[in-house]
1. Kindly indicate whether any position in the stretch 25-32 is assigned to a loop (DSSP other than H, G, I, E, B), modelled with pLDDT of 90 or more and surrounded by fewer than 22 Cβ atoms within 10 Å (Cβ to Cβ).
2. Considering only the stretch 147-154, I want to know if a residue exists there that is at pLDDT below 85 and farther than 24 Å from Leu52 by Cβ.
3. Quick one: in the stretch 250-279, of everything that is without any contact (Cβ under 8 Å) to a residue 60 or more places away in the chain, hydrophobic (A, V, I, L, M, F, W, C) and not in a helix (DSSP H, G or I), which residue is farthest from Gly170 (Cα to Cα)?
4. Given (1) surrounded by 15 or more Cβ atoms within 10 Å (Cβ to Cβ); (2) at pLDDT 85 or above; (3) not aromatic (Phe, Trp, Tyr), where does Asp347 come up short, assuming only one miss?
5. Output the number of the condition that Arg67 fails; it satisfies all remaining conditions of (1) in a loop (DSSP other than H, G, I, E, B); (2) touching a strand residue (DSSP E or B) at 6+ places or on another chain (Cβ under 9 Å); (3) in contact (Cβ under 8 Å) with a residue 60 or more places away in the chain.
6. How many of the residues making up the stretch 233-256 are over 30 Å from Glu290 (Cβ atoms), modelled with pLDDT of 85 or more and surrounded by fewer than 18 Cβ atoms within 10 Å (Cβ to Cβ)?
7. Against the conditions (1) surrounded by 15 or more Cβ atoms within 10 Å (Cβ to Cβ); (2) without any contact (Cβ under 8 Å) to a residue 12 or more places away in the chain, where does Tyr114 fall short? Just the number, please.
8. Could you go through the stretch 216-232 and let me know if any residue there is modelled with pLDDT of 75 or more, on the phi < 0 side of the Ramachandran plot and in contact with a Gly (Cβ under 7 Å, 6 or more places away or on another chain).
Amino acid sequence: MFVDQVRVTLIAGKGGDGCLSFRREYRVPKGGPDGGRGGDGGNVYLISDPDLNTLAYFRYHAINKARKGAHGQGANKQGKKGADLYLKVPVGTIVKDALTGELLYDFLKAGEIYLAARGGRGGRGNASFATPTHQVPREFEKGKPGEEKELILELKLIADVGLVGFPNVGKSTLISKISAAKPRIADYPFTTLTPNLGVVDVSEERSFVVADIPGLIEGAHQGQGLGIQFLRHVERTRILVHLLDLSPLTGRDPVNDYQIIQNELQAFSPKLMEKIQVIAANKIDLLGKEKRKLLKIRKLAESENKPFLEISALTGEGLKDLVTLLAELLAENTSACPERSGEDQVDIRKL
């Protein structure tokens, strides 16, 4: 199950209580205080795991608690610290305060660790209160409660290239042809219900990650279709490829479709307009002698000053040129992407 947003409660462990104790030994009638302090409560950590691609675990585990610290004991024995709790999240997860919406952490690499909730401090035993003038202390401290945090975990897939367009324009077919991804493909709208990731190998040394972003229609930013559920994943990409349908069978105007998608992206986040955009006219194998749609899209690309390619995801025509262009644009704009190690790129193949 693909889950990309959850609300969770994280509760760190309570500190153990300090001990009230006095020495009681044979032939030591006036033994002093020897109550030890309690152990600290366990912390709750979030750690990014490259083998995960969903937050589904938290759908069924909305409340997560770390262990509490053990109480102090006599003979100055300190209580054992409570075990820390480590919770795995996918790379690309952002952590927000559920009450204020404040961004607390952003997992961009595998193996990053974030202290989400700190365990409570263990209380002092009466031995800690002994002084030359206060030799029989009966004071001790209770352990402090651990932090309790209510958080929003939101997954934004990290990809270099995002494929956008109306349902059935060929995004899933395209990603299946240029990568090893195996998305579900059918001839009805909303076949793709989750984003698909694939790694495109350009050469032995070069590869990039492409994401198929499903569910974009008019009103997507307001929740129409599946749009707003997946629009957040576009924010991580460096390049957007507008896939436009040339098929004469749809009765749609690809230029109008392009404008609708642009409006949705703009309404969701104006920053998306700053990304590199490529226009790809798909299904040229179905054109025949009718070239009106193709000419309109070519004119659109010229007026928008955007790279333009004619492709057929089904037959493979033009795909090599598309992959080459995307690789060149990524190489020219390396600074536009969050840092990610080569190891992370390889691991994304498993998604």
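1. Within the stretch 25-32 (the criterion being assigned to a loop (DSSP other than H, G, I, E, B), modelled with pLDDT of 90 or more and surrounded by fewer than 22 Cβ atoms within 10 Å (Cβ to Cβ)), the answer is no, since none of the residues qualifies.
2. Within the stretch 147-154, not a single residue is at pLDDT below 85 and farther than 24 Å from Leu52 by Cβ.
3. Val278
4. Only one criterion in (1) surrounded by 15 or more Cβ atoms within 10 Å (Cβ to Cβ); (2) at pLDDT 85 or above; (3) not aromatic (Phe, Trp, Tyr) is unmet by Asp347, namely (2).
5. Failed condition: (3).
6. Residues in the stretch 233-256 being over 30 Å from Glu290 (Cβ atoms), modelled with pLDDT of 85 or more and surrounded by fewer than 18 Cβ atoms within 10 Å (Cβ to Cβ): 0 in total.
7. With respect to (1) surrounded by 15 or more Cβ atoms within 10 Å (Cβ to Cβ); (2) without any contact (Cβ under 8 Å) to a residue 12 or more places away in the chain, Tyr114 is out only on (2).
8. No, the stretch 216-232 contains no residue that is modelled with pLDDT of 75 or more, on the phi < 0 side of the Ramachandran plot and in contact with a Gly (Cβ under 7 Å, 6 or more places away or on another chain).
The values are calculated or read from the model by the stated rules, or taken from the named source; none is laboratory data. The model shown is predicted, which means the values in this text are computed figures rather than measured ones. Every residue, glycine as well, gets a Cβ built from its backbone with ideal geometry; the counts of neighbours run over all protein chains shown.
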